[in-house]
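Accompanying notes for the structure given below.
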């Protein structure tokens with residue numbers, strides 16, 4: 001079962017995911033991401049530190065959400081991907097489609113600079 005919590009840092013919406021993003025959770029994940037993107041959040045960072053498992057349905061939601069973000073002129077990125085989740089992203093090559101940061105702090109820093117036009 002997937003749980004999530006949302007917080008905001010420096011203009012970046014951070015969605016912390018916990019548990020698993022499997023077929024049973026795909027619709028909930030799609031709804032969470034869709035509501036943030038449709039609601040005008042232009043920079044969404046998924047904190048995947050607490051995510052233990054993801055399957056093809058979860059990967060499909062991430063890739064679709066990334067495409068939707070791009071259509072809306074928004075950014076969707078991942079942070080804290082590790083363990084089995086990292087291996088699945090690598091095996092499916094989804095890690096090449098969605099920008100990934102080592103930590104939430106690194107992701108927030110990069111996304112907040114991108115939005116402010118600061119390029120250092």
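Since every read-out is calculated from the coordinates, none of them should be taken as a lab result. None of the values given here were measured: they were computed from a predicted structure. A quick note on method: Cβ atoms are made from the backbone with ideal geometry, for glycine too, and the neighbour counts reach across all protein chains shown.
Being in contact with a strand residue (DSSP E or B) (Cβ under 7 Å, 6 or more places away or on another chain), on the phi > 0 side of the Ramachandran plot and surrounded by fewer than 19 Cβ atoms within 10 Å (Cβ to Cβ) is the requirement here; does residue 19 meet it?
Numbers: in contact with a strand residue (DSSP E or B) (Cβ under 7 Å, 6 or more places away or on another chain): yes; on the phi > 0 side of the Ramachandran plot: yes; surrounded by fewer than 19 Cβ atoms within 10 Å (Cβ to Cβ): yes.
Yes.
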Scan the range 63-72 and give yes if some residue there is touching a helix residue (DSSP H, G or I) at 6+ places or on another chain (Cβ under 6 Å), under 23 Å from residue 86 (Cα atoms) and in contact (Cβ under 8 Å) with a residue 60 or more places away in the chain, otherwise no.
no
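If you take the residues of the range 95-108 that are in contact with a strand residue (DSSP E or B) (Cβ under 9 Å, 6 or more places away or on another chain) and touching a residue at least 24 places away in the same chain (Cβ under 8 Å), which of them is nearest to residue 57 (Cα to Cα)?
Initially, the range 95-108 is screened for residues in contact with a strand residue (DSSP E or B) (Cβ under 9 Å, 6 or more places away or on another chain), giving 95, 98-108.
Then keep just the ones that are touching a residue at least 24 places away in the same chain (Cβ under 8 Å); that gives 98-99, 101, 103-104, 106-108.
Values: 98: 16, 99: 19, 101: 22, 103: 24, 104: 24, 106: 27, 107: 24, 108: 26 Å.
Looking at residues that are in contact with a strand residue (DSSP E or B) (Cβ under 9 Å, 6 or more places away or on another chain) and touching a residue at least 24 places away in the same chain (Cβ under 8 Å), I get 98.
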Among (1) under 27 Å from residue 114 (Cα atoms); (2) without any contact (Cβ under 8 Å) to a residue 40 or more places away in the chain, residue 54 falls short only on (1)
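Just the residues that are more than 13 Å from the chain's Cα centre (by Cα) and assigned to a strand (DSSP E or B), please, taken from the range 9-24.
Matches in the range 9-24: 9, 19, 20.
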Subset of the range 25-47, residues within 13 Å of the chain's Cα centre (by Cα) and under 21 Å from residue 114 (Cα atoms), comes to 33, 36, 37, 41, 42, 43, 44, 45, 46, 47
